[in-house]
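These notes are about the structure you will find just below.
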Amino acid sequence: MIECRNVAKIYRSGEEETYAVKNITFTIRDGEFVAIMGPSGSGKSTLMNLLGCLDTPSAGQYLLNGADISALDDNELSGIRMRQIGFVFQSFNLLPRASVLRNVTLPLIYAGIKRQEREQRAAEALTAAALPEKFWSYRPHQLSGGMMQRVAIARALVNNPALILADEPTGNLDTKTGAAVLATFQKLHTEQQRTIILITHEPYVGEHAERIIRLRDGEIIDDRPNNQRRIL
């Protein structure tokens, strides 16, 4: 699904060049659950933006399902994000005045999907994210943090994306609630064979993935299967 070939992101100020990531080379197969880990400043956020087609490399190639993302313009990148990538963020990013169901249908509204199909697909996504139906009419402020993150996961699923990209998805949650959210990701991976990339600086969170890629100073320092994976 994903192939990075000597990917670099360079920021220039006058004659000075700063490498946010450099010499990034790896592949991720369809259906893998991968954690990308590293401390603050390691390049995690930059790499996430590249993998999520929010930015393009300064050098090297990034291939997503065979398409060379490095060569696409802004409109083409937007189309890739809409059709192929589901995002889950630490801050949930839900519309406060919209119901749970409407929050989940929003990507489908932008895609021009008719109302009946929107609501059916949203219901399927919410069920997959393990949010009970009685909460679907609630507003975000009526939900717990864990429930709001499940809504965000459902919204990421609703377009049936090839890739789910989760950026510190447990960062605003307590340990117990975060474990429940991680269990949801594991279920999506094992039962639906979803491809999931989890960006985190927390070792406990990364240990739930089947493979861990570690960054330091913008480079990969370790990439191996997680033989001590936590199963919830």
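No value in this document is a laboratory result; all are computed from the given coordinates. What you are looking at is a predicted structure, and each value in this text was computed from that prediction instead of being measured. Here the Cβ is made from the backbone with ideal geometry for all residues, glycine too, and neighbour counts use every protein chain on show.
Please specify each residue of the range 208-232 satisfying the condition of being assigned to a loop (DSSP other than H, G, I, E, B) and either on the phi > 0 side of the Ramachandran plot or within 17 Å of the chain's Cα centre (by Cα) (or both).
Of all residues in the range 208-232, those assigned to a loop (DSSP other than H, G, I, E, B) come to 208-210, 217-218, 226-232.
Passing the criteria: HIS208, ALA209, GLU210, ASP217, GLY218.
Among the listed residues THR46, THR56, identify the single one that is of a type in the set (Val, Ile, Thr) and without any contact (Cβ under 8 Å) to a residue 40 or more places away in the chain.
That would be THR56, the only listed residue that is of a type in the set (Val, Ile, Thr) and without any contact (Cβ under 8 Å) to a residue 40 or more places away in the chain.
Tally the residues that are more than 9 Å from PHE87 (Cα to Cα) and of a type in the set (Gly, Ala, Ser), restricting the search to the range 156-174.
The number of residues fulfilling the criteria is 2.
For the range 79-96, how many residues meet the condition of being basic (Lys, Arg) and within 17 Å of PRO169 (Cα to Cα)? Give the steps one after another, and end with the answer.
In the first step, residues of the range 79-96 are kept if they are basic (Lys, Arg); the result is 81, 83.
Narrowing further to those that are within 17 Å of PRO169 (Cα to Cα): none.
Looking only at that region, the number is 0.
Going by the structure shown, is THR190 assigned to a helix (DSSP H, G or I) and either touching a helix residue (DSSP H, G or I) at 6+ places or on another chain (Cβ under 6 Å) or among the hydroxyl-bearing types (Ser, Thr, Tyr) (or both)? I'd like the intermediate steps shown before the answer.
Values: assigned to a helix (DSSP H, G or I): yes; either touching a helix residue (DSSP H, G or I) at 6+ places or on another chain (Cβ under 6 Å) or among the hydroxyl-bearing types (Ser, Thr, Tyr) (or both): yes.
In short, yes.
Does the range 69-82 contain at least one residue that is closer than 18 Å to VAL181 by Cβ and surrounded by 18 or more Cβ atoms within 10 Å (Cβ to Cβ)? Give the derivation first.
Pass one, the range 69-82, residues closer than 18 Å to VAL181 by Cβ: none.
No.
Do the conditions hold for PRO39, that is, is it in a loop (DSSP other than H, G, I, E, B) and surrounded by 15 or more Cβ atoms within 10 Å (Cβ to Cβ)?
Working: in a loop (DSSP other than H, G, I, E, B): yes; surrounded by 15 or more Cβ atoms within 10 Å (Cβ to Cβ): no.
Here the answer is no, as PRO39 does not meet what is asked.
Any chance you could count how many residues in the range 148-170 are within 20 Å of GLN120 (Cβ to Cβ) and charged (D, E, K, R)?
Going through the range 148-170 one residue at a time, the tally reaches 2.
Scan the range 77-120 for residues that are touching a residue at least 40 places away in the same chain (Cβ under 8 Å) and in a loop (DSSP other than H, G, I, E, B) and jot them down.
GLN90, SER91, PHE92, ASN93, LEU94, LEU95, PRO96, ARG97, ALA98, SER99, ALA111
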